[in-house]
Ligand SMILES: Nc1ncnc2c1ncn2[C@@H]1O[C@H](COP(=O)(O)OP(=O)(O)O)[C@@H](O)[C@H]1O
Ligand SMILES: [Mg+2]
């Protein structure tokens, strides 16, 4: 796929597929251990873990009629020990991935199942083919990952729906990038069409930075790197704005109708990666509602069942929709403490076709904030985690009388800045919740011990 036209037709197909899919979706009314539902998470990091553990926590697990399976690229991944079945494969290798999935779902036409893509570093084209040709149930729809991971397709869909976005251009060459910058004016932000977590992205202040930005995008893109999206860069977002992740849940209600429920999580990021998020968002209700309407339009256009995470920038009294994924979101992990039921559980039940009770705040009147627990910058890449002490965080929480917690993901090895866990705190004050979560995270960071690399002294 290259350029605008093929993406336009992919969106066209996606939207008509959604309508057709919705006419055949049916609620799930019972689980049966004799004919278990098979739930596959492609990617078994903390988000996959959150989804699959809900199958045990709330639905009774294997003996009650739901078998969980997780796939990731390394041994000891977070969801591996919580899933009933697991496989370690390179998920970008279509044959290996298909063989792992088909090992779990032997006959896609007769086994009740769902295949959920937790990450984007997957052979999505193969997964799409498995869904459309061989009948695998890829949730929310097989088009979800295809459109969501392609920035150009995402922007075109957002535009087609009349949803406000930061002004942007597509460029397929350095010359087109120059022209786009000329039209938008500086500063701009240049992003490869296919990446995540800020890889290959640069903020460009003037003409002189364009060559390097294009070079950087080409080097760090996933797949072909010569296509970029150029956006007007909003410096005020960092200083006076806030970011939202609208968690849009498409699920059956008790009357067998598909409904859309939206919850807004707030976050701020000093860089491109996730640092902290909170719920409720603290954004004025009117703006939050406006954002929710925009987010629902995006999710409803793609259709299917499950959770969509729609990212938005709120700045200067306006809401701009930026990108989306059809799965739970890292910023949404705060729902583990903020809601009575976390995003993983909501996604699991919704994608299975179960009726989902209305999500409720766990601590009405309070804010809950989550903050990442990171491996230190000077850790050797690949260094093993030799031990960790939960009590470091627990003692702090207890001494201060805070409402707080820490979630350790259980990754066996680290690299500088790797996300090892999440700390959380709830308080009536958003500022206090954020500060406490940060303190708990730092206590937890100090409590993890890393060993030397094999062969090192
Ligand atoms: N146009 C923009 N103006 C200001 N900040 C931006 C802009 N685009 C992205 N950012 C910042 O960079 C982060 C990552 O960008 P995003 O488009 O979400 O890419 P990724 O796929 O890497 O998450 C955003 O969450 C936001 O903080
Ligand atoms: Mg993003």
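Computed from the coordinates by the stated procedures, all read-outs in this text should not be read as laboratory data. This is a predicted model, so every value here is computed, not measured.
Taking square-rooted eigenvalues a ≥ b ≥ c of the alpha carbon gyration tensor, is region 1-150 rounded, prolate or oblate, where a/c under 1.5 means rounded and, failing that, a/b exceeding b/c means prolate? Verdict is oblate for region 1-150.
Prolate is the label for region 194-351, because a/c, from the alpha-carbon gyration tensor with a ≥ b ≥ c as root eigenvalues, is 1.5 or above and a/b exceeds b/c. Seen through its C-alpha gyration tensor, with square-root eigenvalues sorted a ≥ b ≥ c, region 189-243 comes out oblate because a/c lies at 1.5 or above while a/b is not bigger than b/c. Full extension of the segment from residue 167 to residue 409, taken as 0.36 nm per residue of separation minus the current Cα-Cα distance, would add 83.3 nm.
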